[in-house]
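The values are calculated or read from the model by the stated rules, or taken from the named source; none is laboratory data. No experiment lies behind these values; they were computed from the predicted model shown. FYI the Cβ positions are ideal-geometry reconstructions off the backbone, even for glycines, and counts take in every protein chain you see. Ligands, DNA and RNA are excluded from the accessible area calculation, which covers all protein heavy atoms including side chains. Shrake-Rupley method; radii C 1.70, N 1.55, O 1.52, S 1.80 Å.
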Amino acid sequence: MTDIYSSDSGWTRAPGAPRLTLSLAAELRAQGVTMVRTRWRFTTKEFTIASLIPPD
């Protein structure tokens, strides 16, 4: 994961470039993050947290 998005601060760098997992996605959603940007080799993709973990 390279960047995270929240409505308060917009796109910011993900601290430490963590690997995106379902548990991390749940933690990010609890913090108010709505999207993440990932990168693998030469491909960059954006995902909404809701597409990874459906809302409660």
Practice task
Give the long-range amide H neighbours of residue 14: residues separated by 5 or more places, or on another chain, with amide H under 5 Å away, using H modelled in the peptide plane at 1.01 Å from N.
Solution key: 3, 4
Practice task
Provide the per residue accessible area, probe 1.4 Å, for region 6-56, rounded to a whole number of square angstrom.
Solution key: 79 Å²
Handout entry: Highest average packing first - 24-33, 3-12, Cβ atoms within 10 Å
Key = 24-33, 3-12
Problem - Other-chain or far-sequence residues with amide H under 5 Å of residue 35's (modelled H) - result: 5, 49
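Percent of accessible area on the chain owned by carbon and sulfur, 1.4 Å probe?
On the way: 2280 of 4190 Å².
C and S atoms contribute 55 percent here.
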Problem - For region 42-50, 3J(HN,Hα) per residue [Karplus equation, 6.51 cos²θ - 1.76 cosθ + 1.60, θ = phi - 60°, Hz, x = Gly/Pro] - result: 10, 10, 10, 9, 10, 10, 7, 4, 5
Practice task
Please give the calculated 222 nm ellipticity per residue for the chain, where each DSSP H segment of at least 4 residues contributes -39500 (n - 2.57) and the sum is spread over every residue; nearest 500 deg cm²/dmol?
Solution key: -5500 deg cm²/dmol
Practice task
List the relative contact order of the chain as a percent without decimals, with contacts defined as Cα pairs under 8 Å and 6+ residues apart.
Solution key: 35 percent
